[in-house]
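Down below is the structure, laid out as structure tokens.
The values are calculated or read from the model by the stated rules, or taken from the named source; none is laboratory data. This is a predicted model, so every value here is computed, not measured. Neighbour counts are summed over all protein chains in view; Cβ atoms, including those assigned to glycine, are modelled from backbone coordinates with ideal geometry. For accessibility, only protein heavy atoms count, side chains too; no ligands or nucleic acids. Shrake-Rupley method; radii C 1.70, N 1.55, O 1.52, S 1.80 Å.
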Amino acid sequence: VYIENSASMDGYVKGVTEFEQSIYSYISDIKLADFCASLNLNYINSKILRQPDDVKDFIAKLEPTTFKNKGGDRSTTDISDLFQKIMAEQGNDDIAILISDFVFSPGKKDASEYLTNQQVGIKTQFATRLKEDPEYAAVLYRLVSKFDGKYYNKFDHPTQISADRPFFIWLLGNKNQLQRLTAEVKKENMKGHGVDHTFCISKMTAATPYGILPMPRIGTFQIDPANVKTSILKAKTDNKAVGSKFVVSFGVEYSGFLLEDSYLTDPANYEVNNKAYAVEISRNPNATSSYTHIIKLKLDPSQPVISRGNIKVSLLKKSAPWAEEFTDNDGEDINAEGAMEKTFGLKTLIDGVYDAYKADATYASFTINIK
């Protein structure tokens, strides 16, 4: 665990804050989990500052004076460098947890000038790690806490504020281990205001199982005995149906995915190669099925005739859709309208990570042949 302790973080730890409540509850739950062999606590800025492995004491001492007395250069925040330092000492069995406001702070110069270089640097750190470990993955949580202290804008000019401000938790490590962590130490149990947005990213190193289901459906068809998982024969519409006249469903095994259900069930995250069809995705209510989700391939209601051939459905790999909304593009006046809930450079940070993974434009693709 690494808590970034630059000067811009002081406001999160003045008194008892949601920041402290969230971190204390989350780290405590991790320490109690049966998969946690050891828990190492650190501050991080220009250097990694190792702390005693006492969670209660670690959180109790989260105060501006403590931050300041721990040492290191607290005047700037080089986020690319933070990732580099953490990955350099992270073993393949380690999960790294990095906690910060992730405001780009280069010191006494215009931070916007170096955002592009930071994005490239962050991409490079993750791409380098992925070459060593293709299963390396990342999860980002956005949270909110009371902040009472100095906010430093992109010119490093301080403004005293007392308001709710966002902060973030990155989880970095092996995809399977992150799946276990996120399943067993649920973000919903975090104290404070809780997690309001999540971003997950990973590579897919194995094919995703899928297969045609006899139900739910609209219209009629036969499952092709020569290709029972991917092909149907004699497809016909139900002209009495309201809305779509033809629907065929297939099951997908998504249990190997780090992605959340909100991502997996959002049609906006899918692409269909045939505009005659749209998709609807839901959790499979059949707990005994080998498929976790059901994808309905629905003929457009305006289409009177079935469009036949190979229909390809792809689950797209996207950056965080909420990053734009919560990015402060100006980074000058924290008291400007809407700026208090935003983070300067946030989209640069997330896109830097995403860029290391986006060579594969999709997580998975499924082809159904309709005859």
Inset, instruction - Pull up all non-local amide H partners of HIS193: gap of 5 or more, or a different chain, and H-to-H distance under 5 Å with H placed in the peptide plane. - result: VAL144
Inset, instruction - Round to the nearest 10 and give me the degree value, 0 to 90, for the angle of helix 346-357's Cα axis relative to the longest principal axis of the chain. - result: 50 degrees
Inset, instruction - Provide Rg over Rh for the chain; use the alpha carbon set for both Rg and the Kirkwood Rh (inverse mean inverse pair distance). - result: 1.05
Inset, instruction - Percent of Cα-Cα pairs per 10 Å bin, from 0 to the last occupied bin, for region 254-371, please list those. - result: 11, 31, 27, 19, 9, 2, 0
Legend entry - Max mean-square fluctuation residue, GNM over the chain, Cα-Cα springs under 10 Å, options SER249, SER202, SER162: SER162
Legend entry - Cα centroid of region 1-17 to Cα centroid of region 304-330, whole Å: 36 Å
Inset, instruction - Send over a whole-number figure in Å² for the accessible area per residue of the chain, probe 1.4 Å. - result: 45 Å²
Legend entry - Amide H contacts under 5 Å for THR327, placed H, 5+ residues apart: THR343
Inset, instruction - Please report how far the C-alpha centroid of region 168-183 lies from that of region 333-371, rounded to the nearest whole angstrom. - result: 18 Å
Inset, instruction - With +1 on each Lys and Arg Cβ and -1 on each Asp and Glu Cβ, and nothing else charged, work out how big the dipole of the chain is about its Cα centre, in Debye to the nearest 20. - result: 1560 debye
Legend entry - Straight-distance crosslink candidates among aspartates and glutamates, where the alpha carbon sits under 16 Å from LYS347 and sequence neighbours closer than 8 are dropped: ASP78, ASP101, GLU113, GLU324, GLU325, ASP328, ASP330, ASP355
Inset, instruction - Return one number: the angle in degrees, 0 to 90 and rounded to the nearest 10, between the long axis of the Cα atoms of helix 18-32 and the longest principal axis of the Cα atoms of the chain. - result: 70 degrees
Legend entry - Anisotropy class of region 127-179 from Cα gyration tensor, a/c 1.5 cut: oblate
Legend entry - Mean ellipticity per residue at 222 nm, deg cm²/dmol - from DSSP H runs of n ≥ 4 across the chain, formula -39500 (n - 2.57): -6500 deg cm²/dmol
Legend entry - Rounded to 10°, Cα long-axis angle of helix 175-184 versus longest principal axis of the chain: 80 degrees
